[in-house]
Amino acid sequence: ACAMDWQVLTRELSLYLESQVRVGLFGSGVGLSLVLGFGVAYACYYLSSIAKKPQLVASNDRFYRFLEEYCPVVTETYYPTIWCWEGRVQTLLRPFITSRPQVQYRNELIKTADGGQISLDWFDNSDSLYYPDASTRPTVLLLPGLTGTSKESYILHMIHQSETLGYRCVVFNNRGIAGEDLLTPRTYCAANTEDLEAVIHHVHSLHPTAPFMAAGVSMGGMLLLNYLGKTGRDTPLMAAAIFSAGWNVFESVESLEKPLNWLLFNYYLTTCLQSSISRHRQMLEKLFDMDLVMKARTVREFDKQFTSVMFGYRTIDDYYEDASPCRKLKSVGIPVLCLNSVDDVFSPGHAIPVETAKQNANVALVLTSCGGHIGFLEGIWPRKCTYMDRVFKQFVQAMFEHGNNIFSM
């Protein structure tokens, strides 16, 4: 009886509230006008200030026209998710919103000259209909972010995009980050390219006749840019794609140390770095005061106590100067497309080297007004493809299938 009375009371209360809302608001037209007015105002603001065409910076007219024709997404209006366009929000929500495509990897451990080992995760795409011959199947080397591995959702989406095009992928996991043991007291950093050079040489030696590209995300993009700036044209890579790279490390850490950014990102990222090395504590204690390293509360403190010391830098400023890709952009010798959002707190818009990029005919920058750090969410419910994914797919396909046209346009 009590249950029946409760159901009746609930139903009557619901009907009463509905009638009050209908009569008190929409019945008078005031509420409906407010809702419609707000909706129209928000739509106007979104279309005028949020949804914009990206800025495409390319001093080489042939490269510019090549991108317009074969990678049109970089010249089209980017419509960020209408309820989630602010940079910090996009950055925070992307890992939770985007799907995680299923990928079956084949793992390979390769030895390094100093006695260490690197874990590579291969997606061979053996069922490729477009490229059934493995010896000539295009290969994409993928470099995840600072503490990322082949399991990151953005890496899985890149592989899914590559799979539909018939390409092979291999993910370069930094030392000690993907479950493998550290054989020497050394991990990785954005400035030291030795491991990446070893991986590129290894992959190319396995498939010397296959077209070969690379794509780096966040710190992976910084590492790839530093490698390209060091090697110039002397690389087996035919082109590269860079996403959300931190161009100037000094500016990046300063941005991340602002109170809100420290609370949302810096402290968490620092704990991730500490977690990534805690499993190797016994090996690393041979050279480092691990108690001091584990007390770090910012990325700068971690780099001062651990990263810069590991790689022999006199000061942390020396390390940050060497790790900043903006210093090496002039020396890049192959076509490179770099996507950044100007509201990325990890890579502030004012630190993006637009003028330097204009001095290198091999470099194109794509700058969106929104997107955050590895965000670039679009659509009402952005579960699957992001704007970044579309840029990756179109550019990789353009280079593999029409790359020679850059020099003939």
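Within the accessible area of the chain, what % is carbon and sulfur when the probe is 1.4 Å and the other protein chains stay in place?
The C+S portion of the solvent-accessible surface of the chain is 57 percent.
Considering only DSSP beta bridges where both residues belong to the chain, give the percentage that are antiparallel (nearest 5). Please list the in-between numbers first.
Numbers: 16 of 40 bridges.
Given both bridge residues lie in the chain, the antiparallel proportion sits at roughly 40 percent.
Using label points projected 7 Å from each Cα along Cα→Cβ, tell me how many nm separate GLN282 and ARG62, to one decimal.
5.7 nm
Please report the orientation-averaged projected area of the chain, defined via the convex hull of its C-alpha atoms, in nm². The partial results should precede the final answer.
Values: hull surface 106.9 nm².
Over every viewing direction, the Cα hull of the chain projects on average to 26.7 nm².
Which value, in Å³ per residue, describes the convex hull spanned by the Cα atoms of region 106-197?
Numbers: hull volume 9.2 nm³, N = 92.
Dividing the Cα hull volume of region 106-197 by its residue count gives 100 Å³.
Can you work out D for region 267-409 in µm² s⁻¹ from Stokes-Einstein, where Rh is the Kirkwood radius over C-alpha pairs, the temperature is 4 °C and the viscosity is 1.567 mPa s? If you can, show how the numbers build up before the last one.
On the way: Rh = 18.4 Å.
In µm²/s, the coefficient is 70.
Starting at the first residue of region 376-386, write each ³J(HN,Hα) from the Karplus equation 6.51 cos²θ - 1.76 cosθ + 1.60 with θ = phi - 60°, in whole Hz, x for Gly and Pro.
Coupling constants for region 376-386: 6, 5, 8, x, 5, 10, x, 7, 9, 7, 9 Hz.
Using θ = phi - 60° and the Karplus curve 6.51 cos²θ - 1.76 cosθ + 1.60, what whole-Hz ³J(HN,Hα) does each residue of region 177-194 get, with Gly and Pro shown as x?
Residue by residue, region 177-194 yields 9, 10, x, 7, 6, 7, 8, 9, x, 8, 10, 7, 7, 6, 8, 8, 9, 4 Hz.
So for the chain, taking the charge dipole from beta-carbon charges (+1 Lys/Arg, -1 Asp/Glu), which of PRO353, THR184, THR112 sits furthest toward the positive end?
Projecting each Cα onto the dipole axis, the largest value belongs to PRO353.
Measure out, as a whole number of angstrom, how far apart the alpha-carbon centroids of region 49-90 and region 354-409 sit.
8 Å
What accessible surface, in Å², does a 1.4 Å probe find on HIS201, ignoring ligands, DNA and RNA and rounding to the nearest 10?
Looks like 130 Å² after rounding.
Under 11 Å from a label point 7 Å along Cα→Cβ of ALA113: give me every residue in region 197-221 with its amide N that close.
Within reach of a label on ALA113: 197-198.
Using r as the Cβ-Cβ distance of LEU260 and GLN359, and R0 as 30 Å, what FRET efficiency do you calculate, to the nearest 0.05?
Details: r = 35 Å, r/R0 = 1.17.
Calculated transfer efficiency: 0.30.
Return the subset of LYS111/LYS393; LYS258/LYS384; LYS53/LYS393; LYS258/LYS330; LYS52/LYS384 for which the Cα-Cα distance in this structure is over 28 Å, preserving the input order.
LYS111/LYS393; LYS258/LYS384; LYS258/LYS330
Tally Lys/Arg at +1 and Asp/Glu at -1 over every other residue whose Cβ is under 12 Å from the Cβ of ILE334; what's the total?
On the way: positive: ARG233; negative: ASP234.
Net charge in that neighbourhood comes out at 0.
From the protein chains alone at 1.4 Å, what is the descending order of accessible area for SER33, SER244, SER99, largest first? Intermediate values should be presented prior to the final figure.
Numbers: SER33 75, SER244 0, SER99 25 Å².
If we order SER33, SER244, SER99 from most to least accessible, we get SER33, SER99, SER244.
Over the heavy atoms of THR147, what accessible area does a 1.4 Å probe trace out, to the nearest 10 Å²?
Taking all protein chains as shown, THR147 has close to 40 Å².
Compare HIS204, HIS350, HIS373 by solvent-accessible area with a 1.4 Å probe and give them largest first, with all protein chains kept in place.
Numbers: HIS204 65, HIS350 140, HIS373 15 Å².
In descending accessible area the options line up as HIS350, HIS204, HIS373.
Quick check: with the 1.4 Å probe, what order do SER205, SER119 take by accessible area, largest first?
Numbers: SER205 65, SER119 5 Å².
Listed by decreasing accessible area, they come as SER205, SER119.
What is the distance, in nm, between label points placed 7 Å from the Cα along the Cα-to-Cβ direction at HIS202 and at SER331?
My value for the distance between the label points is 2.4 nm.
What list of ³J(HN,Hα) values in whole Hz, one per residue of region 290-305 in order, does the Karplus curve 6.51 cos²θ - 1.76 cosθ + 1.60 (θ = phi - 60°) give from phi, with Gly and Pro shown as x?
5, 4, 5, 4, 6, 8, 4, 10, 9, 4, 4, 5, 4, 5, 5, 7
How large is the helix-only mean residue ellipticity at 222 nm for the chain, computed as the sum of -39500 (n - 2.57) over DSSP H runs with n ≥ 4, divided by its residue count, in deg cm²/dmol to the nearest 500? It would help to have the intermediate numbers written out before the result.
On the way: 15 runs with 156 residues, N = 409.
Computed mean residue ellipticity for the chain: -11500 deg cm²/dmol.
What is the magnitude of the charge dipole of the chain about its Cα centre, with +1 placed on the Cβ of each Lys and Arg, -1 on the Cβ of each Asp and Glu, and no other charges, expressed in debye to the nearest 20? Intermediate values should be presented prior to the final figure.
Details: 35 positive and 40 negative charges, 44 e Å.
Dipole of the chain, to the nearest 20 debye: 220 debye.
What is the sum of charges around VAL74, taking Lys and Arg as +1, Asp and Glu as -1, for the other residues whose C-beta is under 10 Å from the C-beta of VAL74? Intermediate values should be presented prior to the final figure.
Details: positive: LYS53, ARG390; negative: GLU68, GLU76.
My count for the surroundings of VAL74 gives 0.
Please list, in chain and number order, the residues 5+ apart from LEU339 or on another chain whose amide H is under 5 Å from its amide H, with Hs placed from the backbone.
Here the answer is ILE242, PHE243, SER244, VAL366, since their amide H atoms fall under 5 Å of that of LEU339.
In nm, what is the difference between 0.36 nm times the number of residues separating CYS272 and SER49 and their Cα-Cα distance?
Numbers: separation 223, 0.36 × 223 = 80.28 nm, distance 3.51 nm.
Stretched out fully, the CYS272 to SER49 stretch lengthens by 76.8 nm.
Taking amide hydrogens as modeled 1.01 Å from N in the peptide plane, which residues meet the under 5 Å criterion relative to GLU378, leaving out close sequence neighbours?
Sorted by chain and number, the residues that satisfy this are THR81, TYR387.
Nearest 10 degrees is fine. How inclined is helix 267-278 to the longest principal axis of the chain, computing both from alpha carbons?
In the chain, helix 267-278 runs at an angle near 40 degrees to the longest axis.
The values are calculated or read from the model by the stated rules, or taken from the named source; none is laboratory data. A quick note: this is a predicted structure, and the numbers were derived from the prediction, not measured. Because the Cβ atoms are built from the backbone with ideal geometry, glycine has one as well, and the counts that use them run over all protein chains shown. Areas reflect the complete protein model, heavy atoms only, side chains present, ligands, DNA and RNA absent. Shrake-Rupley method; radii C 1.70, N 1.55, O 1.52, S 1.80 Å.
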